[in-house]
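Shown next, in structure tokens, is the structure this report addresses.
Where a number appears in this text, it was derived from the coordinates with a stated rule and is not lab data. Computed from a predicted model, the values in this text were never measured in an experiment. Here the Cβ positions follow ideal geometry from the backbone for every residue, glycine too, while neighbour counts run over all protein chains shown.
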Amino acid sequence: MPHTIAVAGKGGVGKTTTCGMMIDYLCKKNKGPVLVVDADANANLNEVLGVEVETSLGAIREEMAQAELKGSIPKGMTKADYAEFKFNSALIEEDDFDMLVMGRTQGKGCYCYVNGVLKTQVDKYAKNYSYIVMDNEAGLEHVARGTLPHVDTMLLISDCSRRGVQAVARIAEMINDMDLKPTQMGLIINRAPGGQLNDGIKEEIEKHGLKLFGVLPQDEAVYHCDCNGEPSAKLPENDPMKTALRGIMQSIGL
């Protein structure tokens, strides 16, 4: 079975950037093959990695719905065969990793169907990989739905604020309440000025009993990548955030 890593935290704290750099680390350490799962309906992990996404599971779902309405499913194919054929095309194959993007459905409606498709695709491909890395939207919907077969490492990402720490503390409580039992779970503080925590943030972490895996510094190069639409995962290896994350990954056995 692959080692599965899930990244969680409230919106806007740098989960996706952290996730992208972590994937880059695993690939550069030849720990692959890696299956990357972008489980955020507002998918943009591909931009951090510098990967073009031509389609997503959500887009394929809409395409299939239209094909069924118009009666344009190819002759000789059942609806199930057509679905299998189309969903197989959603796997993006790169040199060092492959990627599945959930995406979103159009208009109103529940994401249950697309969540189910994502789980089915992950289950189908999982045995082919050494690592699965899932970038979640804010909250734990995909983890709670069992999209990953099992979570080995749960990374809780927060910015350097009390509200961010409080948010991941609530997520940690949910994980315990749902009895998910990841092998290891810990907190990574992102965007810390000078890479240091002040006493107030330290107190908040201790108050909630969170295990601190490490601290990532505020990084101007990452900011410029975001502004210019450039893949921050491809920053040089001596980039401050990359250097700090590499140390955290090694310290937790990844």
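Miscellaneous remarks
- Cα long-axis angle, helix 112-125 against the chain (0 to 90 degrees, to the nearest 10): 80 degrees
- One Cα centroid belongs to the range 180-241, the other to the range 56-73; the line between them spans 40 Å.
- Put simply, the C-alpha atoms of the range 192-249 give a gyration tensor, and the ellipsoid matching it has half-axes of 26, 13, 9 Å, longest first.
- Projecting the Cα atoms of F97, L210, I175 onto the charge dipole of the chain, computed from C-beta unit charges around the Cα centre, puts I175 farthest toward the positive end.
- Around A126: net Lys/Arg minus Asp/Glu count, Cβ-Cβ under 13 Å: 0
- Net length gained if the chain between K124 and D96 were fully extended (0.36 nm per residue, minus Cα distance): 8.2 nm
- Here the chain is treated with +1 on each Lys and Arg Cβ and -1 on each Asp and Glu Cβ, and its dipole about the Cα centre works out to around 580 debye.
- Using the rule -39500 (n - 2.57) for each DSSP H run of four or more residues, divided by the residues of the chain, the 222 nm mean residue ellipticity is -12500 deg cm²/dmol.
- Within a straight-line Cα-Cα reach of under 12 Å, K181 can be paired with the following aspartates and glutamates, leaving aside sequence neighbours fewer than 8 residues apart in one chain: D152, E173.
- In Hz, Karplus ³J(HN,Hα) per residue of the range 198-215 (6.51, -1.76, 1.60; θ = phi - 60°; x = Gly, Pro): 7, 4, x, 5, 4, 4, 5, 4, 5, 4, 9, x, 8, 8, 8, 7, x, 10
- For Cα extents along the principal axes in Å, calculated from these coordinates, the label among [x] 66, 40, 35; [y] 57, 43, 32; [z] 54, 45, 38: [x]
- Working ranking of peptides 193-206, 238-251, 73-86 by packing, defined as the average number of other Cβ atoms within 10 Å per residue, highest first, is 238-251, 193-206, 73-86.
- Simple Cβ-charge dipole of the range 1-85, Lys/Arg +1 and Asp/Glu -1, about Cα centre, in debye nearest 20: 300 debye
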